[in-house]
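Please read the structure below before turning to the comments.
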Amino acid sequence: MDKTMDDIIREGNAYACIQCGRCTGSCPSGRECGLRTRKIIHMARVGIDVFKTEELWDCTTCFTCQERCPKEVKITDIIIELRNLAVKNSYYPSMADVPKIIIQNLYRTGNGQPLSPEVSKLRSIIGLDKEPNDIAKDKEALADFQKLLDGLPLMRWGGI
Amino acid sequence: MKIGVYVCHCGVNISNTVDVQKVISEVSALPTVAVCRDYQYMCSDPGQEMIAKDIRELGLDRVVVAACSPRMHEPTFRGAVEAAGMNPYCFEMANIREQCSWVHEDKEQATRKAADLVKSSVARAALLEPLNSTEVPVTHAALVIGGGIAGIQTALDIANSGYPVYLVEKDPSIGGHMAQFDKTFPTLDCAACILTPKMVDVARHPNIELLTYSEVESIEGSVGNFHVRIRKKPRYVNVSLCTGCGSCATACRLVGRIPSEFDMGLGKRGAIYVPFPQAVPLRYTIDPEKCLMLKHGKCGTSPKCVDACDRDAIDFSMTEEILEVDVGAIVVATGYKEFDPTIKREYKYGTFKNVMTGLELERIFAPSGPTGGKALINGKVPKKIVFVSCVGSRDKRIGNPYCSRVCCMYIAKQAHLLKEKIPDADITVMYTDMRAFGKGYEEFYERVQKEGIKYRRGNAAEVYEEDGVLHVRAEDTLMGEPYELEADLVVLGTGLEPSDAADAIGHMLHLSRSADKFFLEAHPKLRPVDTVIDGVFLAGAAQGPKDIPDTVAQASGAASHVVNLLSKDVILAEPIVAEVNTDVCAGCRICEILCPYDAHAFDEERNVMTINKAICKGCGSCAAACPSGAIAMNHFRDSQIVAQILEVI
């Protein structure tokens, strides 16, 4: 299942790219940040390790670029694959505090987005238990789950 | 049976991989082989002479040449044996180059294979039968379908060579798209000034029968003898009485109410109209879809056009006519249509009136157009203008993967014309790649940039509106930065697609289309004006997107091929065709369905199939499918093929 850069650009049809820039021009994220979709495809094609770039993580995977590409390059699919390659090679975005918190939450509660006090209150208003019957409630199950996570490279990213 | 076998070295192309001497010694041992020789280049004069000498001196019955592919040199050797007095169909070719030496590395195995291939050809050669070409008379006239610049040039060239031409055009006037243009790139010649004299020449030429407002209904027959039915649509105006004065058009109740096709819907006409003032013929036509009299049988108290016409030229009782003509050759010049950018929704064509196509802008420039040549878009002079290239071209998503070839240059021309008319206009061209390939094109591109047109690499991604102002978003790919421009006018550089008429005409003539849907030429390099159907030629954008110089060149090329054909009184029909044994044929008609060329005709009286030799291409589909074995393919009879196979298994 491990895809190489070559697999990714071939499967994504990146060789068909004519560098017209419709992707960058269409990109809603690119207007706000440094993401240059066309440049990512170009770098991938010429053999630069584009998975090391931070901008890769600015894509919201809205698929507008892929929808509009006149050459049917699977641009968003390529970006997702490049992210997988980045994680496998331990390249995480340095600005990624948000994913860091998600990993910490996952480890502590078994849930990327754990129960907030607001939701807890809402639950009691409509007559539900304050906490749902999930892994966070069952301390033994949570310990087992943490054992599964221990040692995964991803955990280091979360500072665990 | 005396067979002569000649093994070619093809320089070293064959002899590097095949041991020619070993092949010779094996083949010489065959009982039917009278002589077996080798030579460096069999196709050369000394090589051909070697064969001719043996035919004369040894009295050979059959000749086998083991060399390249028959596609390459079969005609050469057929000619050589025929010159020496042998029937050309007693010649057989073994391909030991493309199918052996070029594709193998092991010399021993390649030699064995080459020997097998030659022996197999010898076995087949022994069973070949002499065949004779039949003579087919040629009708000395031509049909040209399409009255754009391609059809006009083709018709004039053929007519000037002295042959009659029927020029069929579906619209009320000839001229095609070129008549819609204001100026032409890169010389900025006025399109009308260079086109209208040719249109008039067509109308006046004694050898041209101009059939406007007419469509080809059906085509039967084959090279040298096509029978064509042409439908002349009723104009409801007697062309021999009409003087083109235009009183009727001014009088029409619907004047200025119907979108003019010629003006891309931007200008308006009445129900009785000429498409444009320089129309040829300058005769009026009534639009049956719009005319009140023709649609409702009533137009006020009496039709105003009739009242206005001094010559009594209007005739509502006119009906369509079918004209039948015989021609020897046909030129397809059905041209192109502009890509409809509505489906490229991000450009908002059809939503905002100031997003327009290249051809629409062309009409804005034209002195005879809807604004009288003034640069007015919806009544205003645009100051901020953005051109977008490759709309409907180089786009697999909408099924047009090809480059339309003319857009880069017509954009440059239109940008220049806008700058000329509006000197303070801010004009930006957003382009994918700049393709200025023709004579004087690169120079024109440079000129336009010097005039202040901004070229920014990177195509437009989308158009949106905010507070009544259009914005175009793109990336400047040379800076690697996205940007936005405000625009009063967005011009889409729309590409070219085959015209709608191509479907019906292609079907009638059994023409193939390439992947881009344009008509397929017989060979992309060496036969660009021929089709695989003998006697049918291509001219202009029907074969692929083309600018005017290329179209005119191809049109003259097509005309010269037509003249070449028409200059003969008879042509020889290839005898490698299918033949029906009517004693065996059961009349099941399976072959008829399979024939890609419509060469089969069923004889109802005798309940048997017949095959027109002039149409049959010898593909063999029918012979292979015949359940009773009643069809034999000349030169590829079962016995000949079986002998050939048995030798190699």
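Laboratory data are not the source of any read-out in this text; all were calculated from the coordinates shown. Please read all numbers here as calculations on a predicted model, not as lab measurements. Cβ sites come from the backbone with ideal geometry, for glycine too, and all protein chains shown count toward neighbours.
Going by C-beta contacts inside 10 Å, put B:393, B:317 in order with the fewest on the left. If you can, show how the numbers build up before the last one.
On the way: B:393 25, B:317 6.
The order, fewest Cβ neighbours first, is B:317, B:393.
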Hey, could you grab the Kirkwood Rh for the stretch A:1-100? Inverse mean 1/r over distinct alpha carbon pairs, Å, one decimal.
13.5 Å
For a label point 7 Å from the Cα of residue B:188 along Cα→C-beta, name the residues of the stretch B:437-466 whose backbone N is under 17 Å from it.
B:440-454
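Give me B:113, B:421 ranked fewest to most by other Cβ atoms within 10 Å of their Cβ, as a rough exposure proxy. Let's see the in-between values first.
Numbers: B:113 21, B:421 16.
Ranking B:113, B:421 by Cβ neighbours within 10 Å, fewest first, gives B:421, B:113.
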Provide the per-residue ³J(HN,Hα) series for the stretch A:120-134, in order, calculated from phi with Karplus coefficients 6.51, -1.76, 1.60 and θ = phi - 60°, each as a whole number of Hz, with x at glycine and proline positions.
4, 5, 4, 4, 5, 4, 8, x, 9, 4, 4, 10, x, 7, 10
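Would you list B:344, B:517 from fewest to most Cβ contacts within 10 Å? Can you show the working numbers first?
Numbers: B:344 22, B:517 16.
The most exposed by this proxy come first: B:517, B:344.
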Which percent of Cα pairs goes in each bin when the distances of the stretch B:247-308 are cut into 5 angstrom slices starting at zero?
4, 19, 30, 26, 14, 6, 1
Got a sec to turn the phi values of the stretch B:262-277 into Karplus ³J(HN,Hα) couplings, 6.51 cos²θ - 1.76 cosθ + 1.60 with θ = phi - 60°, whole Hz, x for Gly and Pro?
5, 8, 6, x, 7, x, 10, 10, x, 6, 10, 7, 10, x, 7, x
Per residue Cα convex hull volume in Å³ - calculated over the stretch B:385-445
80 Å³
So which residue, out of A:49, A:144, A:58, gets the largest mean-square fluctuation from a GNM of chain A using Cα contacts under 10 Å as springs?
A:144
Taking the alpha-carbon centroid of each part, what is the distance from the stretch A:53-81 to the stretch B:156-183 in angstrom?
49 Å
What lysines could a cross-link reach from residue B:380, if we take a straight Cα to Cα line under 16 Å and drop same-chain neighbours fewer than 8 places away?
B:353, B:419, B:421
What shape does the stretch B:565-649 take by its C-alpha gyration tensor, where a ≥ b ≥ c are the square roots of the eigenvalues and a/c under 1.5 counts as rounded, a/b above b/c as prolate, and the rest as oblate?
oblate
Can you pull the percent of Cα pairs in the stretch A:94-160 with separation above 14 Å?
62 percent
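Before rounding to the nearest 500, sum -39500 (n - 2.57) across all DSSP H runs of length at least 4 in chain B and divide by the residue total; then give [θ] at 222 nm in deg cm²/dmol.
Values: 17 runs with 181 residues, N = 649.
Mean residue ellipticity at 222 nm (helix-derived): -8500 deg cm²/dmol.
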Please report how far the C-alpha centroid of the stretch B:56-92 lies from that of the stretch B:271-317, rounded to the nearest whole angstrom.
67 Å
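Can you pull the semi-axes for the stretch B:15-85, root of five times each eigenvalue of the Cα gyration tensor, sorted largest first, whole Å?
On the way: eigenvalues 72, 56, 22 Å².
The answer is 19, 17, 10 Å, longest axis first.
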For the stretch B:32-49, in residue order, the Karplus 3J(HN,Hα) values (coefficients 6.51, -1.76, 1.60; θ = phi - 60°; whole Hz; Gly and Pro = x) are 7, 7, 8, 8, 9, 10, 10, 7, 4, 9, 4, 6, 6, 4, x, x, 5, 5
Hey, which of these cross-link pairs are over 24 Å Cα-Cα: B:183/B:268; B:233/B:295; A:3/B:344; A:3/A:39?
A:3/B:344
Of all the C-alpha pairs in the stretch B:337-497, what % are more than 22 Å from each other?
38 percent
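Given a Förster radius of 51 Å and the C-beta distance between residue A:33 and residue B:515 as r, what FRET efficiency does 1/(1 + (r/R0)^6) yield to the nearest 0.05?
0.80
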Give the distance, in whole Å, between the Cα centre of the stretch B:598-647 and the Cα centre of the stretch A:11-47.
57 Å
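Could you compute the FRET efficiency for residue A:156 and residue A:130, with r as their C-beta to C-beta distance and R0 at 35 Å, rounded to 0.05? Working shown, then result.
Numbers: r = 33 Å, r/R0 = 0.96.
With a Förster radius of 35 Å, E is 0.55.
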Starting from the amide H of residue B:429, placed 1.01 Å from N in the peptide plane, find each other amide H under 5 Å away whose residue is 5 or more places distant or on another chain.
B:387, B:454, B:455, B:456
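Once R0 is set to 51 Å, what does the formula 1/(1 + (r/R0)^6) return for the Cβ-Cβ distance between residue B:217 and residue B:127, expressed as a FRET efficiency to the nearest 0.05?
Working: r = 46 Å, r/R0 = 0.90.
It comes to 0.65.
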Cα Rg over Rh - the stretch B:58-176, Kirkwood:
1.29
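Return one quarter of the surface area of the convex hull spanned by the alpha-carbon atoms of the protein assembly as shown, equal to its mean projected area, in nm².
Working: hull surface 211.4 nm².
Average of the hull's projected areas for the protein assembly as shown equals 52.9 nm².
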Could you pull out every one of the lysines with an alpha carbon less than 24 Å from that of residue B:613, ignoring same-chain neighbours closer than 8 positions?
B:568
Counting sequence-distant residues (5 or more places) and residues on other chains, those with an amide H built under 5 Å from that of residue B:94 are B:65, B:66, B:67
Cα coordinate range in the stretch B:543-595, projected on the principal axes (Å, largest first):
56, 31, 14
Please list, ordered by chain and number, the residues whose modelled amide H lies under 5 Å from the amide H of residue B:221; skip anything fewer than 5 residues away on the same chain.
B:227
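How big, in percent, is the set of alpha carbon pairs in chain B lying more than 38 Å apart?
Values: 106660 of 210276 pairs.
Every Cα pair in chain B considered, those over 38 Å come to 51 percent.
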